[in-house]
Amino acid sequence: MSYTLSAAKLQTYHRCPRAYYFRYERRLDGSGFYGSTALGTSLHQALAQIYQDWHYQDPVPRLDWIEYCWNQQIGDLTSNQIAEGRAILRRYYYSFIASQSAMRRPLAVEGRIQGCLQVENLEFVLSGRYDRLDYCGDGLELIDYKSAKEIETIEPDEIDLQIGLYYLALEQRYQRSLKQLSLLYLRTGEKFSYTATPGHRQRVEQVISELAVELRRDRRWLPVPGTQCDRCAYARYCPAMRQEPEPLPEAARPEPGLQLVLSLN
Ligand code: SF4
């Protein structure tokens, strides 16, 4: 019996337990933000192939290797998307591959990691995905490619939770510490790196402990009103927003009873 947690779930809980309750406990549809686009998916796949299938006998591939990988991934894209993707990957090539003395072979590309944590007799499975895992000194660097048109504003608390979750999971999987999380914006060629420390892992353990108490005992799911309410998909059901919130739709998952709480998934 386990309870699966992702960085997105932890971030939602940290932002507002009531929103977490609506989304993950009662399974109400969210706004579907951050959905991936066909172009974004093809870019991710091309980058995975660039690193995974390169023979590494020559230190730096030529641009035609990047073109070749892109041509394998264009599938159903429109001609505009194909041209846009090609331009994005060329920029990437000159910014992050051709400018290096050698392209380093990553530990892994396009993968999933899982870690476990026992709190309050609940087993949490921490699940995350990554675009690329590189060696970084005696630790690891996790690379997350971003294909969005604009650079997102990420709250420091939220990135800290993401780092902490990966820290914990990678330590268990590879017995190496996460040293750095890097967000790589493909459209602008910018890279933002965040240093990871054991403090990030402790922070995640603390938030998971709070969530465990909520799941096991409290089940109060207190709303935390803030700027996020403006784009919250659940505002009409929220007692902090309306004196008379709408009842949840019938399609909502029933409130789990105590015995269900013990067999969460
Ligand atoms: S409207 Fe605000 S307080 Fe209510 S659930 Fe959404 S984020 Fe939380």
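The values are calculated or read from the model by the stated rules, or taken from the named source; none is laboratory data. What you see is a predicted model; the values in this text were computed from it and never measured. A quick note on method: Cβ atoms are made from the backbone with ideal geometry, for glycine too, and the neighbour counts reach across all protein chains shown.
Which numbered condition trips up Gln228, out of (1) under 24 Å from Ile154 (Cβ atoms); (2) within 16 Å of the ligand (Cβ to nearest atom); (3) at pLDDT 90 or above?
(3)
Find all pairs meeting these conditions: Cβ atoms under 8 angstrom apart; at least six residues apart or on different chains; first residue within region 79-97 and closer than 17 Å to Lys191 by Cβ; second residue surrounded by fewer than 16 Cβ atoms within 10 Å (Cβ to Cβ) and of a type in the set (A, V, I, L, M, F, W, C).
Every condition considered, the pairs that remain are Arg90/Leu63; Tyr93/Leu63; Ile97/Val60.
Taking the conditions exactly as written (more than 9 Å from the ligand (Cβ to nearest atom), of a type in the set (D, E, K, R) and not assigned by TED's automatic domain parsing to the domain that holds Asp138), does Glu205 satisfy them or not? Spell out how you get there, then give the answer.
Details: more than 9 Å from the ligand (Cβ to nearest atom): yes; of a type in the set (D, E, K, R): yes; not assigned by TED's automatic domain parsing to the domain that holds Asp138: no.
No.
Identify, from the list Ala212, Ala240, the residue that is within 9 Å of the ligand (Cβ to nearest atom) and hydrophobic (A, V, I, L, M, F, W, C).
Matching residue, one of Ala212, Ala240: Ala240.
For every residue, the table says whether it meets (1) hydroxyl-bearing (Ser, Thr, Tyr); (2) in contact with a Ser or Thr (Cβ under 8 Å, 6 or more places away or on another chain); (3) surrounded by 11 or more Cβ atoms within 10 Å (Cβ to Cβ).
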residue	(1), (2), (3)
Leu178	no, no, yes
Phe192	no, yes, yes
Thr195	yes, no, no
Arg203	no, no, yes
Leu215	no, no, yes
Gln228	no, no, yes
Ala240	no, no, yes
Glu246	no, no, yes
Pro249	no, no, no
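Please state which one of Glu141, Glu152 is loosely packed, with under 14 Cβ neighbours inside 10 Å, among the charged types (D, E, K, R) and either assigned by TED's automatic domain parsing to the domain that holds Ile50 or within 27 Å of Thr41 (Cα to Cα) (or both).
When all the criteria are applied, what remains is Glu152.
Of all the residues that make up region 126-164, how many are closer than 29 Å to Ser209 by Cβ and of a type in the set (Ser, Thr, Tyr)?
Residues in region 126-164 being closer than 29 Å to Ser209 by Cβ and of a type in the set (Ser, Thr, Tyr): 3 in total.
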